[in-house]
Amino acid sequence: MMTTVEARLDPKTASSLIAFEKTEIQKWNHMQRLVWHHMNHPELSTCSEIDWLKNKFGIKERTANSLVKTVEGRRKSLLELKKIELSSLKEKLKSKKKKYQKRIKKLNKMKEKAARNKLSEQELVFYRKEKRTLHFMKQSIDRMESRKMKLEETIKSKKLSMCYGTKKRFNAQWHLKENGFKNHKEWRHEFRRSRDRMMAYIPRSEETFGNQQCHLEMTDEQGVYILSVLPGKPLKRGKPDKAVQGKVKFSWRPAPGESRSAHLDELDKELLRHKNNSFDRKPLTGKILRRGKAWYLQVSFEKDSVPWFTESSHGNIGLDFNKGFIQACETDESGNILGFKRFELPNHGKNA
């Protein structure tokens, strides 16, 4: 199971780290967008994305690998979302076509009567209203068919489009006053901050400290670690890489009856594995992101699997998943029903 711990970078103890991220984050995200474009158009280059990044920007291989893995992860997630959207669209289209065919048969029967002027005044009003409704329903079906074709083509070609910084914020440039912007320059500044706000350091399992680009070291102080970040570009030959360092404090509240958070215990356990070069060590993914004016560190790692078991000494809870709602039932230790509860899902089956 993946676990993520987060800490806010203190401007006093991690000032050099924050300054480094401010200078590098725009370049980092620019390279990410270029990698995305390169993956959409592989015919533009004969070499791999990693080699292309190394040749174009002169960065280290591990930095290029991190950028490529980040983009691959986003593209994979987006592709799966497209598949889910296509599956949902097919179901809706099938249902709408079925309704349309049923109603058009009824309308065609009324059409014959209307041609012979054998409809009553009430039936004639209904006939005209139904004719108009089915016209718009046919247009809706055509739009859904067009959307279905586009989704199938996108999934087949894997040429995915995504707006970094969100489409909503991008479209705000056309309605500046309504979105609280004085001019286009102010919008551009906010859009770039939203677009370029995160750097993800994706590691390999064999790397030192779980992540050579962004790694933690334990200190004697509880919950305090030394964070070291290596620059993406190599220095001159013969000179070792100089890491940018700063202190990070995780302020996790321990569970009742515990003196320390279980998440930090798991993190310490994983760091010790890497320090001792244990065979069962796992990679640590580091992310540095900006929210407003504050900077945060996120460390993700895989926790040891905990064996689980079930028992009914305190009763049971059963869930029945249905279309549009979930029905819950609670029983006691003897199996007697204690109560029911229904959870409505008003957005079930709707597109995001």
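The values are calculated or read from the model by the stated rules, or taken from the named source; none is laboratory data. Remember, it's a predicted structure, so these values are computed and weren't measured experimentally. When we count neighbours, we look across all protein chains shown, and the Cβ atoms used for this are built from the backbone with ideal geometry, even at glycine. Surface areas here come from the heavy atoms of the whole protein model, side chains and all, with no ligands, DNA or RNA. Shrake-Rupley method; radii C 1.70, N 1.55, O 1.52, S 1.80 Å.
So here's what we get for this one:
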read-out: Positive-end extreme of charge dipole, the chain - chosen from S120, H30, N347 (charges on Cβ); value: S120
read-out: Solvent-accessible area per residue, Å², over the chain with all protein chains present [probe radius 1.4 Å]; value: 68 Å²
read-out: Gyration tensor (alpha-carbon) shape descriptor, segment 155-220, a/c threshold 1.5; value: oblate
read-out: Over the chain: Kirkwood hydrodynamic radius from C-alpha pairwise inverse distances, Å; value: 26.0 Å
read-out: With every protein chain in place, the chain: carbon and sulfur % of accessible area (1.4 Å); value: 52 percent
read-out: Cα centroid separation, segment 44-64 to segment 126-168 (Å); value: 38 Å
read-out: FRET efficiency estimate (nearest 0.05) - Cβ-Cβ, S48 to K282, R0 35 angstrom; value: 0.85
read-out: Karplus 3J(HN,Hα) series, Hz, for segment 171-181 with 6.51 cos²θ - 1.76 cosθ + 1.60 (x for Gly, Pro); value: 6, 5, 5, 8, 9, 5, 5, 5, 9, x, 10
read-out: Gain in span if fully extended, K109 to E130, counting 0.36 nm per residue against the direct Cα distance; value: 6.3 nm
read-out: Residue order for M218, M110, M1 - accessible surface, 1.4 angstrom probe, largest first; value: M1, M218, M110
read-out: Residue with peak Gaussian network fluctuation, the chain [Cα springs, cutoff 10 Å], from E217, E311, E302; value: E311
read-out: Karplus-derived HN-Hα couplings along segment 36-50 (A = 6.51, B = -1.76, C = 1.60, θ = phi - 60°), whole Hz, x at Gly and Pro; value: 4, 5, 5, 6, 6, 10, x, 6, 6, 9, 8, 9, 6, 4, 5
read-out: Net charge dipole size for segment 11-99 [Lys, Arg +1 and Asp, Glu -1 on Cβ; Debye, nearest 20]; value: 840 debye
read-out: Shape category assigned to segment 46-138 from the gyration tensor of Cα positions, a/c cut at 1.5; value: prolate
read-out: Computed over segment 274-328, the ratio Rg/Rh where both radii use C-alpha atoms and Rh is Kirkwood; value: 1.23
read-out: Crossing angle, helix 61-115 versus the chain [Cα axis fit, 0-90 degrees, rounded to tens]; value: 10 degrees
read-out: Length gained when the stretch N336-N183 is fully extended (0.36 nm per residue, less Cα-Cα span); value: 48.5 nm
read-out: Of E153, E61, E333, the one that fluctuates the most in a GNM where the chain has Cα springs shorter than 10 Å; value: E333
read-out: Exposure of Y127 as accessible area (Å², to 10), given a probe of 1.4 Å and all protein chains; value: 30 Å²
read-out: Additional length obtainable on full extension of the chain from Q26 to F343, 0.36 nm per residue less Cα span; value: 109.7 nm
read-out: Charge dipole (debye, nearest 20) of the chain; +1 at Cβ of Lys and Arg, -1 at Cβ of Asp and Glu; value: 3220 debye
read-out: Accessible area (Å², 1.4 Å probe, nearest 10) - V125; value: 90 Å²
read-out: Cα-based equivalent ellipsoid of segment 10-76: semi-axis lengths in Å, sorted from largest, via gyration tensor; value: 27, 12, 10
